[in-house]
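Asks: So that we are looking at the same thing, I have put the structure below in structure tokens.
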Amino acid sequence: MRTWPTLKRVLLVWGIGTALACVAFVLYAQTLPRDELVVANTLSFQAMMSVIVVAIPSGIGLLCFLLVGALVKGWATRHKRKTE
């Protein structure tokens, strides 16, 4: 890797991946047998659950990834300047 990925590219990949994972979760929820709760069978409830189960943890993972990336990039640029 010669250059660091831009924030725009990271967010684009994260957004696409999260959206695909949410759609996959809803499609999986559609295949489950009917529940006693009528609300659990609706598409809106399943979409809300995909946000809770997939998107929120994905957002937390993105923040951790960005934090670690910023720390590593800072360390790498400082280390590179010292060796030059």
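Any read-out appearing in this document is the output of simple, stated calculations on the displayed coordinates, not a laboratory observation. As the structure is a computational prediction, the values presented were derived from the model and not from experiment. Here the Cβ positions follow ideal geometry from the backbone for every residue, glycine too, while neighbour counts run over all protein chains shown.
Asks: Of the trypsin sites (Lys or Arg not before Pro) in the chain, which ones lie in a loop per DSSP and count no more than 14 other C-beta atoms within 10 Å?
Replies: On the way: sites: R2, K8, R9, R34, K73, R78, K80, R81, K82; in loops: R2, R34.
Here the trypsin sites (Lys or Arg not before Pro) that fit, given the DSSP loop and packing criteria, are R2, R34.
Asks: So what's the net charge close to K73: Lys and Arg +1, Asp and Glu -1, counting the other residues with Cβ under 13 Å from its Cβ? Walk me through the numbers on the way to the answer.
Replies: Working: positive: R78, K80, R81; negative: none.
Net charge around K73: +3.
Asks: Nearest 10 degrees is fine. How inclined is helix 56-83 to the longest principal axis of the chain, computing both from alpha carbons?
Replies: Tilt relative to the chain: about 10 degrees.
Asks: Shifting gears a bit: With percent of Cα pairs over 14 Å apart defined as stated, name the option among [x] 79; [y] 62; [z] 72 computed from the structure displayed.
Replies: Of the labelled values, this structure produces [z].
Asks: Using +1 at the C-beta of Lys and Arg and -1 at the C-beta of Asp and Glu, which of I16, P5, Q46 has the Cα lying farthest in the positive direction of the dipole of the chain?
Replies: P5
Asks: Suppose only helical runs count, i.e. DSSP H with n ≥ 4. What mean residue ellipticity at 222 nm does that imply for the chain under -39500 (n - 2.57) per run, divided by all residues and rounded to the nearest 500 deg cm²/dmol?
Replies: Working: 3 runs with 61 residues, N = 84.
Computed ellipticity for the chain at 222 nm equals -25000 deg cm²/dmol.
Asks: What are the ³J(HN,Hα) couplings of segment 16-24, residue after residue, when phi is run through the Karplus curve with 6.51, -1.76, 1.60 and θ = phi - 60°? Round to Hz, x for glycine and proline.
Replies: In residue order, the calculated couplings are 5, x, 5, 5, 5, 5, 5, 4, 4 Hz.
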